[in-house]
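**Student:** Dropping the structure in here first, questions after.
The values are calculated or read from the model by the stated rules, or taken from the named source; none is laboratory data. Keep in mind that this is a model prediction, so the values were computed, not measured. In this analysis, Cβ positions are derived from the backbone assuming ideal geometry, glycine residues included, and neighbour counts consider all displayed protein chains. When the accessible area is computed, the model is the full protein with side chains, heavy atoms only, and any ligands, DNA or RNA have been set aside. Shrake-Rupley method; radii C 1.70, N 1.55, O 1.52, S 1.80 Å.
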Amino acid sequence: MARIIAIANQKGGVGKTTTCVNLAASLAAMHKRVLVIDADPQGNATMASGVSKYNVETSIRHILIDGVDAISALVTDTSGAYHLIPADDELGTAEFKLRDFLMREVRLKNALEPIQDNYDYIFIDCPPSLNYLTINAMCAAQSILVPLQCEYFALEGLTLLFDTIDKLGREVNPSIRIEGILRTMYDNRNRLSSDVSKDLENSFGDYVYKTIIPRNVRLAEAPSYGKPAMYYDKASAGSKAYLALASEILEKDFLAANGVQQ
Ligand SMILES: Nc1ncnc2c1ncn2[C@@H]1O[C@H](COP(=O)(O)OP(=O)(O)O)[C@@H](O)[C@H]1O
Ligand SMILES: [Mg+2]
């Protein structure tokens, strides 16, 4: 059964989509069966996977609102060698329509059940707010991966996110947990970055991935070519960092599956 991981942080521009697409492509390149779900009305993960959000026939919106099967929304030929449930340019309206349903929090979770066994990892790219799309993602997921930029207010934002996760856990998904905190857009010449990074390690210890994603222009350029960075510039520091993150996650999962205490 797949591990379902929501990539969330209520702050925008912290690297959620970049992490989703590049981590998914890296794990797919390591022969894992990976599905990406674009739950953000901006549709950035869809576009970055080489799929136009303007030409999508069946999207996550149809799954959430019309009760369409997840399998009929699957795009199987993305530029990242993973499968994709895309967003479309009307996903924003789904947020409001979802409120009409009694069981509005679990519509994505229920829809994923029939296809869950087909994958090793399912990543859900969340919007930068706590709306019903995010709540659907957090209900469907077993854990949350939090990308974080090492800047002054980052730790405060993290405390807020953890409070939300606690509350959500109690109310709708008691088994949800933090998968890991990922330092993104890291600039090692910046003193503040390294100070915040150290604070993060001290406060959140094992939750913090050892892999750090550097600020790298290739990661920012690749989406405009509709590709994950490893298919745009495989030698770039950015694509190598996401491959390293994929290895770190695989190693962790391998040890956990074999009962090794970490
Ligand atoms: N490590 C990085 N180095 C340079 N640019 C990055 C990096 N990660 C993300 N970006 C760029 O920063 C912007 C915000 O990243 P994005 O992944 O879209 O954030 P979010 O999904 O959290 O809003 C995008 O333009 C993206 O290309
Ligand atoms: Mg995004």
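**Student:** Quick one: net charge of Ile212's neighbours, Cβ under 13 Å, K/R +1, D/E -1?
**Tutor:** Every neighbour counted, the sum reads +2.
**Student:** Then there's this: In Å², and per residue, what accessible area does region 65-141 have when probed at 1.4 Å with the other protein chains present?
**Tutor:** Accessible area per residue, region 65-141: 43 Å².
**Student:** Give me the one-decimal nm value for the distance between modelled label points at Ile178 and Ser143, 7 Å along each residue's Cα-to-Cβ direction.
**Tutor:** Going from the Ile178 label point to the Ser143 one covers 1.3 nm.
**Student:** Something else: Dipole size in debye (nearest 20) for the chain around its Cα centre, Lys and Arg Cβ +1, Asp and Glu Cβ -1?
**Tutor:** The dipole of the chain has a size of about 480 debye.
**Student:** Using a 1.4 angstrom probe with every protein chain in place, what is the largest-first accessible-area order of Ser193, Ser203, Ser247?
**Tutor:** Largest accessible area first, the residues go Ser203, Ser247, Ser193.
**Student:** I've got another one for you. Relative to the Cα centre, what is the charge dipole magnitude of region 119-242, using +1 at the beta carbon of each Lys and Arg, -1 at the beta carbon of each Asp and Glu, and rounding to the nearest 20 debye?
**Tutor:** Magnitude of the dipole: close to 420 debye.
**Student:** If you don't mind, another one. Computing the accessible area with a 1.4 Å probe over protein heavy atoms, can you report the carbon and sulfur percentage for the chain?
**Tutor:** Heavy-atom surface of the chain belonging to carbon and sulfur, 1.4 Å probe: 51 percent.
**Student:** Take His62, His31, His83 and sort them by solvent-accessible surface of the protein heavy atoms, 1.4 Å probe, largest at the top.
**Tutor:** His31, His83, His62
**Student:** Just in region 205-247: which trypsin sites (Lys or Arg not before Pro) are loop by DSSP and have at most 15 other Cβ atoms within 10 Å?
**Tutor:** Lys234
**Student:** Given only helices, namely DSSP H runs of n ≥ 4 each adding -39500 (n - 2.57), what is the per-residue ellipticity at 222 nm of the chain, to the nearest 500 deg cm²/dmol?
**Tutor:** Result for the chain, helices only: -12000 deg cm²/dmol.
**Student:** Ok, one more. Over what distance in Å are the Cα centres of region 55-89 and region 219-257 separated?
**Tutor:** Using only Cα atoms, the two centres lie 23 Å from each other.
**Student:** Might you work out the accessible area of Ile115 for me, using a 1.4 Å probe with all protein chains in place, and round it to the nearest 10 Å²?
**Tutor:** For Ile115, solvent-accessible area is about 10 Å².
**Student:** Using θ = phi - 60° and the Karplus form 6.51 cos²θ - 1.76 cosθ + 1.60, what ³J(HN,Hα) does each residue of region 8-25 get, whole Hz, x for Gly and Pro?
**Tutor:** 9, 6, 5, 7, x, x, 9, x, 4, 5, 4, 5, 4, 5, 6, 5, 4, 5
**Student:** Something else: Given the whole protein assembly as supplied and a 1.4 Å probe, what does the accessible area of Phe96 come to in Å², nearest 10?
**Tutor:** 140
**Student:** Grab every C-alpha pair in region 110-260, bin the distances at 5 angstrom width from 0 up to the longest one, and report whole percents.
**Tutor:** Reading the bins upward from 0: 2, 8, 14, 18, 19, 20, 13, 5, 1, 0.
**Student:** Something else: Mind checking region 23-126 for GluC sites (Glu not before Pro) that DSSP puts in a loop (not H, G, I, E or B) and that have at most 16 other Cβ atoms within 10 Å?
**Tutor:** Glu57, Glu90
**Student:** Keeping all protein chains in place and using 1.4 angstrom, which order do Asp253, Asp89, Asp195 fall into by accessible surface area, from largest down?
**Tutor:** Per-residue accessible area, sorted high to low, gives Asp89, Asp195, Asp253.
**Student:** At a threshold of 8 angstrom on Cα-Cα distance, excluding pairs fewer than six apart, so keeping six or more, what relative contact order does the chain reach in percent?
**Tutor:** Once divided by the residue count of the chain, the mean separation gives 25 percent.
**Student:** Which entries of Lys109/Lys198; Lys198/Lys227; Lys97/Lys227; Lys167/Lys240; Lys32/Lys240 have Cα-Cα distances beyond 25 Å here?
**Tutor:** Result: Lys109/Lys198; Lys198/Lys227; Lys97/Lys227; Lys167/Lys240 exceed 25 Å.
**Student:** Could you report the accessible area of Arg33 in Å², rounded to 10, computed with a 1.4 Å probe on the protein chains as they sit in the structure?
**Tutor:** Roll a 1.4 Å probe over it and Arg33 shows about 110 Å².
**Student:** Going toward the positive end of the dipole of region 53-187, with +1 on Lys and Arg Cβ and -1 on Asp and Glu Cβ, which of Asn55, Gly80, Asn131 do you reach last?
**Tutor:** Farthest towards the positive end: Asn131.
**Student:** Enumerate by residue number the chymotrypsin sites (Phe, Trp or Tyr not before Pro) in region 135-224 meeting two conditions: DSSP loop (anything except H, G, I, E, B), and at most 12 other Cβ atoms within 10 Å of the site's Cβ.
**Tutor:** Tyr152, Phe153
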